[in-house]
Each structure stands twice: as structure tokens, then as C-alpha cells.
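Working notes, structure below.
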Amino acid sequence: MQLIEAVPNISEARDTENLTRILGDLRTVLGGARLLHIDSNIDANRTVLTLVGTPAQIVRVCFMLFKICQEHIDMRFHEGAHPRLGAVDVCPLIPLREITLSQTAQWATNLARLVAQELHIPIYLYEANATTSERKNLAFLRHGQCESLPIKMDVLPPDFGPRHFTPAIAKTGASVIGARSFLIAFNMSLNTQDVTAAKQIAAKLREKNGGLPGVKAIGWYMPHYVCAQVSCNLTDYHQSNLQDVFEACKREAASLGLAITGSELIGLVPQEALLQAGRFYAPAETNEESLITQAVSHLLLDKIHTFVPQERILEKALTSQG
């Protein structure tokens, strides 16, 4: 059976009653799809959902999520630390089983067209669906955030949906949809509240600045953690794994007289990424569960939140939930 993952990022976390309504409505339309994980951050004002199902199930459920968020989220009043373009900011589809990236991209196009036609939301295509090399990059499409849409939609027209800004779009914003390979979102907290230091470290880690291959990074301040963080996206963990990013961040922090105090994953992580880190830190270990324990310990993944492998590792979450 073909299986894909969707990781929609929605622009709500601070209004817990509203988020509860959104998630409640989503659960009523899941059908055969599964909601594996919810990762909500008040400072980012953003919730990352992990959905798994057949391609048809995922397209249907994601469309319904767009409709739900169109009803419950108003981007005219949205604030948060994380860059965002719309109520559903980005909705990537990831091939998991018996389906290729190019096949997944066809389903992503179907979703984009459906959302644009039925809900009249501007949709930009990215990653495997990008129509130009520039549009492949999410940061390029999201530059200026939702506040830039009145101008952006004229100079950078969406791939689907309305091409001119309207009051309705002021409320929903725009969205980015596309198929991509697995991405690991990995944040590291520093023993400082100085966001300048976090931004300086992030700049050193970024691939585009000559840093680690396949790594995107930003620095921000997290008031609820009372510290600055280096927030990274590992777009290909076979090129740069968790330990590569963690050790590089640790070195850069040390050069500024700082240290990493804890780390967190946003969403789920492939088991192999933790096993690779475990082998790096404990090369003599062979037991998989012990390797995962070593990875969690050395990467400080248990310092901010309790790390439950059955809930945070993709393969284990899939197995535990059928």
C-alpha cells in the first residue's frame, strides 16, 4: 500500500481554545488517515502536524485542514517568531512507502489545485513541484511573510489560485505546497538570551554561507524557554546528520563562550538518524535501543522535553498506531 506523510504547519498555537477547535474539527475528518503527532510552540505561534495515510486520504484530509484553518485563523492578527505566509503556512508531502518522490509531487499538485479552486487561496509550489529553481526554496517564497502579499502576488504570482490581493486573502494569507524528501527540524537552546549570538551561530551553520551541506538555520529568542535558540532544518540527514549539526553548533557556541543546554526535534524523526548519532557517540554499541538512548543523551534531547521514542521516532509511531 502506498503511504505518504504530510507535515502541515498551521499559524496557531497561542489561542489554545482556537487550536483545540481546529484539532477537534480535523479529527472528525481523518477517516483512514492518522494524526501521528502534534508539535505546538507558543513563541513561534505555530503548530506542526504529522499526518500519514494513502495519497488519496492525505489529499482529502489536508484539503479539509485548509478549509478548517480558513474558518478559524485570521492572519490579519497573527504574530509569532516563526516566518509565515498564511493560515496553513506550508504543507509538504513526503513519500514513505511504495511511492516515489515524483509520484508524490503529482498528488501535491492535485492538492494545490483543489485548495486554490475550491477555497480561493493563493498557492505557491516548492521543492519537487517548483516551476523555477528559485521557487524550490521555501525561504524565497516566504520572504516578506504574509505582510508582503499585496506586492508579492503581483511580482511573484502564485502557481494556483487568485493572483491579486483581496480582503479575503488578507485573512487566509497564501500557502506553499510541494513534495519533498524527509526533513529533520532540530532546535538547540543556548545558555544565553542574546539572539544576536544565536543568529551568528546559525549563519555559520547554513549551507548557503559555506556551512554544513543541506542545512538551513536561523537564530531566534524563545521567551517561554528564556533563552535564544539555533533552529535548523536538515534537508538531507544523510549529508549532515544530527550529530554533525549538534557538534558544529557546540563548537561555534564555545567560540563565543556559550554552550548548548538542550535540544528538541519538531515533529518526527527517522530512526536511522538517531542510530547514526548513537553510533557516532557510542561506536562499540550494537543494540539499537541502546544506540537510541545514547543519541538522546548526547544530543541533549531529554533536557527540554521528555523524549519518548514511541512518540517521536517515525517508524515506532507508525507501528504503535497501527
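Of all the numbered requirements in (1) over 30 Å from VAL59 (Cβ atoms); (2) without any contact (Cβ under 8 Å) to a residue 60 or more places away in the chain, SER189 misses one, and that requirement is (2). If you scan the range 168-199, which residues turn out to be surrounded by fewer than 17 Cβ atoms within 10 Å (Cβ to Cβ), over 22 Å from the mean Cα position of the chain (by Cα), farther than 26 Å from HIS72 by Cα and not β-branched (Val, Ile, Thr)? Passing the criteria: ASN191, GLN193, ASP194. For the range 136-150, the criterion of being among the acidic types (Asp, Glu) and more than 20 Å from CYS69 (Cβ to Cβ) is satisfied by no residue at all.
Considering every residue within the range 13-23, establish whether at least one is surrounded by 16 or more Cβ atoms within 10 Å (Cβ to Cβ) and within 15 Å of the chain's Cα centre (by Cα). Looking through the range 13-23, at least one residue is surrounded by 16 or more Cβ atoms within 10 Å (Cβ to Cβ) and within 15 Å of the chain's Cα centre (by Cα). The set of residues from the range 237-260 being under 20 Å from the mean Cα position of the chain (by Cα) and of a type in the set (D, E, K, R) comprises just one member, ASP244. If you go through the range 149-167 and keep only what is buried (at least 16 other Cβ atoms within 10 Å of the Cβ) and of a type outside the set (Phe, Trp, Tyr), you end up with LEU149, LYS152, MET153, LEU156, PRO158, ASP159, GLY161, PRO162.
Exactly one residue among HIS72, HIS120, HIS37 is touching a helix residue (DSSP H, G or I) at 6+ places or on another chain (Cβ under 8 Å), surrounded by fewer than 24 Cβ atoms within 10 Å (Cβ to Cβ) and over 21 Å from ALA174 (Cα atoms), and that residue is HIS37.
Just so you know, all these numbers are worked out from the coordinates, no wet-lab data involved. Since the structure is predicted, the reported quantities are computational estimates derived from the model, not experimental observations. Neighbour counts run over all protein chains shown; Cβ positions are idealised from the backbone, glycine included.
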